[in-house]
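The values are calculated or read from the model by the stated rules, or taken from the named source; none is laboratory data. Remember, predicted model here, so these are calculated numbers, not experimental data. Methodologically, a virtual Cβ is constructed for each residue, glycine included, from the backbone with ideal geometry; neighbour enumeration extends over all protein chains shown. Areas reflect the complete protein model, heavy atoms only, side chains present, ligands, DNA and RNA absent. Shrake-Rupley method; radii C 1.70, N 1.55, O 1.52, S 1.80 Å.
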Amino acid sequence: MECLNAIKVRSRSFIRCYRVLAIESSCDDACVTLLDRFSMRESPRVVDELKKTLDSTSRGGVVPAEAARHNSKNISVLANEAIARNGWNAPDTRPDLVCATRGPGMLGSLSAGYQLALGLAVAWQVPIVGVNHMLGHLLMARLSTNGNHPSFPFLSLLVSGGHTICVLSHSLTEHEILVNTVDIAAGDALDKCGRELGFKGNMIGKEMDKFLDDHREEWGQPAELELKEPMLNESHRKDVMSYSFASFISQLRRSINKYHGGNIPEDDATRARMAYQLETAIFQHMITKIKLAIRKRGLSIDEFVCSGGVASNLMLRRMLKKQLKPLGITRFYFPDPQHCTDNATMIGWTGIELYEKGYTTDLCTTITRKWPIDELLDLYGWVKKQPEK
Ligand code: AMP
Ligand code: ZN
């Protein structure tokens, strides 16, 4: 079925096909995607995807004020470019739905994208869906091109620069956080450890992973690095359902002081051995707690999603499959690397899923720095319509 024109779509009592403009601006990426929901039986067509990332290499991390300025300067330009170059600017080709990240994230960055989305919704007189960024990562795995996607209930590991959570999803709007981090996210720990080992770049964890790929001969070789997995059982605590990644940085610093006089090891082989031990130890910590969660909750779940920037790591994917298969998980879903990191396609797709269940967001809403995925509907401003048959 080809898409009807926008005016016809708006006047129909039950929307069967429509066009979506999606915006993501929760951190240092300004992203815009156009999606064509041309049929309800097939995945929407990704018509265009634009992304501009702030270069923070020289800053050693994202500075919120710079990220806000980056998004304020770029998000309208990207939206304008996407709309114009695809001819979505005529009365009968304009988007019928606007979706934008409402939280969690950096306030200045979020505000730039969300305010633009509200303005476009008003100008075009179309609904808006304010999307939870983590739900976007989670549902990205349900946007499949080959009809292969997880169905509720399923288990997820969402692992990025800002979050690391293991989530049990019962339905589109009901999510339970089984394991959360008590300090920093795994991606943040990988980036900070990578910096201690002399890696540079915008995403240091990714740079370290590329370097490891070029030094496979060092994988598993002994390294002068003493690492202990955090949050394991001890006499005073048992079965703690939490992550802690900050200690990997201090453990690495202690070993560098002890064995390398506090200096970054110069030869690549030594750095590769240390990076391998670190990466696998951090991944093992994630998996140990997923296994604990499955056991403690007596879960019988056979589908598993891993998403967020760190999910692009192939070693992590291999370790998850190897260790979770014996626990009954038979189907694994990993978005392609470009859709593991922040993108507007996941926001558009999540907006579509919510919209088709009857959810839109009121115009009198604003962004939010914190918005736990297990409190999805608790945030003010949802408008719920019963879908017509
Ligand atoms: P996000 O916050 O979802 O945009 O993801 C960014 C985080 O993912 C950063 O901490 C990156 O270093 C990390 N990351 C991206 N690719 C990889 C990779 N292949 N291996 C490990 N970490 C990665
Ligand atoms: Zn993210």
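Here are the numbers for the structure shown:
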{"quantity": "Of all residues making up the stretch 144-180, the number that are closer than 17 Å to residue 44 by Cα and open to solvent by less than 30 Å² (accessible area, probe 1.4 Å)", "calculated": "2"}
{"quantity": "Filter result (in contact (Cβ under 8 Å) with a residue 12 or more places away in the chain, of a type outside the set (Asp, Glu) and open to solvent by 60 Å² or more (accessible area, probe 1.4 Å)) within the stretch 260-294", "calculated": "264, 273, 291"}
{"quantity": "Yes/no for residue 254 being out of contact with any Lys or Arg (no Cβ under 9 Å at 6 or more places or on another chain), at pLDDT 95 or above, open to solvent by 40 Å² or more (accessible area, probe 1.4 Å) and in a helix (DSSP H, G or I)", "calculated": "yes"}
{"quantity": "Some residue of the stretch 379-387 being aromatic (Phe, Trp, Tyr), in the same structural domain as residue 23 (by TED's automatic domain parsing) and surrounded by fewer than 12 Cβ atoms within 10 Å (Cβ to Cβ)", "calculated": "yes"}
{"quantity": "Selection status of residue 229, away from ligand 1 (no atom under 16 Å from the Cβ) and of a type in the set (D, E, K, R)", "calculated": "yes"}
{"quantity": "Evaluation of residue 369 against (1) of a type in the set (D, E, K, R); (2) in the same structural domain as residue 185 (by TED's automatic domain parsing); (3) within 16 Å of ligand 2 (Cβ to nearest atom) (one fails), failing number", "calculated": "(2)"}
{"quantity": "Residue that is surrounded by fewer than 22 Cβ atoms within 10 Å (Cβ to Cβ), farther than 30 Å from residue 194 by Cα and touching a Phe, Trp or Tyr at 6+ places or on another chain (Cβ under 9 Å), where the choices are 45, 102", "calculated": "45"}
{"quantity": "Enumeration of residues in the stretch 118-149 that are assigned to a helix (DSSP H, G or I) and touching a Gly at 6+ places or on another chain (Cβ under 8 Å)", "calculated": "133, 137"}
{"quantity": "Selection status of residue 132, assigned by TED's automatic domain parsing to the domain that holds residue 359, within 17 Å of residue 351 (Cα to Cα) and modelled with pLDDT of 95 or more", "calculated": "yes"}
{"quantity": "Residue identified as of a type in the set (D, E, K, R) and under 22 Å from the mean Cα position of the chain (by Cα) among 369, 295", "calculated": "369"}
{"quantity": "Test: residue 279 is outside the structural domain of residue 133 (by TED's automatic domain parsing), touching a Phe, Trp or Tyr at 6+ places or on another chain (Cβ under 8 Å) and closer than 26 Å to residue 133 by Cα", "calculated": "no"}
